[in-house]
Structure formats: C-alpha cells, structure tokens
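Where a number appears in this text, it was derived from the coordinates with a stated rule and is not lab data. Fair warning: this is a prediction, and the values are worked out from it, not measured in the lab. Positions of Cβ are backbone-derived with ideal geometry, glycine not excepted, and every protein chain shown enters the neighbour counts.
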Amino acid sequence: MVHGLPDWGLRGPKATTYGLDDLGEAVARLGSPVVWDRRGDVIVIESFEGSGGTWDPAPYGFGASIHRTCGGAHTGAYGVELQAGSDGEHSAQVSLVNPAVVQGPSGFEAWFGVAADTEAIRLFVYYYTGTQQYRSALYYGHVTGNLFVATTGGVWQQIASGLALHERYEPRHVAKLVVDFSTGYYARVILDDVTYLVHDIPIHIFGDPTNAQVIGVVSHVGVVGKNPKVAVDDLILTQNEPVSI
C-alpha cells in the first residue's frame with residue numbers, strides 16, 4: 001500500500017494556504033451526515049440514498065413493514081420507514097453488517113423519530129470474534145421515559161429516567177452508543193444533547209462461533225396492538241473512538 005502525506009496537514013511549506021489539522025467543519029458544511037458527534041473514525045455511513053443491498057431489513061409482527069421514504073430524512077433525499085408489528089416481537093429494524101474492525105472502542109449512531117404508539121427505540125452493536133460475541137445495547141423506553149444499557153447476562157441496567165422525547169415522524173432525535181470491545185465495557189451514551197458516562201458497566205459477553213464481524217442495529221418497538229411508523233436515517237459505525245472524552 002502506498003503511504004505518504006495527505007492533501008492537507010501541518011507538515012511541509014505552504015506559501016498560499018494555511019495548514020489544517022482537521023477538516024471536519026469543512027466536510028460538515030459540504031453536507032456530510034457526520035455532524036453531531038465527530039469523534040471516532042467512520043467505517044460505514046448508511047444514509048439510504050442508494051440501493052437496499054447495503055442494509056438488512058427485519059420486520060416482526062403483523063403489519064410490520066420497512067421501506068425507503070422521501071417523507072422522512074435527516075440528510076439527503078431518503079430515510080427508511082420502520083412500521084412496527086402489532087403482535088409477536090412487535091417491532092421493525094434495520095442493520096448494517098461489516099467485517100470485523102480492530103477490537104477496540106467503537107461507536108454506532110442513528111437518527112430516528114418517535115411516534116405516540118412507540119414503546120421503545122433500541123440500538124445494538126454486536127461484535128463477533130469467531131469464538132465470542134460482545135453484545136452491547138441501548139434501550140430508550142418511550143412509554144416509561146427510562147434509558148437502559150444491556151449488561152452481563154443480558155440484564156437491562158437503568159442509566160436515566162424521566163425522559164420524554166418529543167413525538168415526530170421524521171428523524172429529529174439522535175443516539176450514539178460507544179463501547180470499548182477491548183475491555184468489554186461501555187464508554188458513553190449520547191441521547192440528543194445529553195451524554196451519559198457508563199465506563200463502569202460491562203457489556204454482555206458469551207461464547208459464539210459466528211465468523212468475525214461487527215453489526216449495528218436500530219430497532220423501533222411499537223405498543224402491542226398498534227402499528228406505529230417512524231423514520232430513521234444516517235446510521236454511522238465508527239472505530240478508534242476516544243474513551244476519556
């Protein structure tokens with residue numbers, strides 16, 4: 001692989017331009033979906049502008065459906081609508097599957113809407129080593145107003161309460177789950193404008209022979225007996241996340 005200096009940087013003489021150590025602001029102004037939390041190195045961005053071959057839909061329950069929509073997008077022309085089923089697992093989800101990254105701090109971000117009959121919004125990050133599964137999860141309960149992460153044994157541990165996200169079909173809320181897969185502990189959770197530090201909470205780890213890969217999932221759970229619809233957009237997987245800031 002060829003190595004060298006990038007087309008920007010602080011090294012080397014510059015007679016007509018200034019050196020830059022970060023082009024994040026310029027990229028954001030040009031329309032990048034990576035604007036809310038710019039920490040970490042992006043490995044996958046799914047903004048649903050292309051074909052359906054880059055994301056996997058999974059509807060659960062009667063009436064559940066998943067399709068692209070131009071009526072609910074955070075950036076670009078399209079998002080994806082998740083209509084939860086009314087029975088069974090009463091949910092709908094989309095996932096990103098990627099080859100395994102370096103086993104270290106990784107993040108998963110998603111923009112989403114909330115409906116009156118939304119029971120919960122869930123984010124999952126599954127890291128498979130070939131012999132073990134590292135399962136991390138975030139659960140926002142819209143009915144209860146509580147926020148949880150999944151810890152050892154798959155038990156939900158509450159990290160906040162009294163939340164009440166405003167209800168809107170379009171993806172105007174954002175959540176990011178950051179996990180250190182090298183230590184087996186969470187790093188932080190971001191929900192809209194609030195960051196929760198959860199360094200002391202371990203994730204759920206157990207034996208699993210699935211091939212090495214990492215999967216990010218966003219799931220919309222509806223109230224039983226209802227078929228609520230929300231739009232989600234801009235799913236972002238990252239690696240090399242800082243854990244101390």
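Taken over the range 90-147, the alpha-carbon convex hull comes to 114 cubic angstrom per residue. Label zone of T195 (point 7 Å out along Cα→Cβ, amide N under 17 Å): in the range 215-245 this covers 238-245. Sequentially through the range 108-125, phi angles give Karplus couplings (6.51, -1.76, 1.60; θ = phi - 60°) of 9, 10, 8, 9, 8, x, 9, 9, 4, 9, 6, 7, 7, 10, 10, 10, 10, 10 Hz, Gly and Pro residues having no value and appearing as x.
Please build a GNM for the chain, connecting alpha carbons under 10 Å apart, and tell me which residue among L163, L96, L138 fluctuates the most. Ranking L163, L96, L138 by mean-square fluctuation puts L163 first.
Taken along the Cα-to-beta-carbon direction at a fixed 7 Å, the label points for S182 and A212 span 1.5 nm.
Placing pseudo-labels 7 Å out from each Cα toward the beta carbon at A160 and T131 gives an inter-label distance of 3.8 nm.
What's the extension gain from R38 to I205 if we count 0.36 nm per residue and subtract their Cα-Cα distance? Working shown, then result.
Values: separation 167, 0.36 × 167 = 60.12 nm, distance 2.77 nm.
Length difference between fully extended and current span is 57.4 nm.
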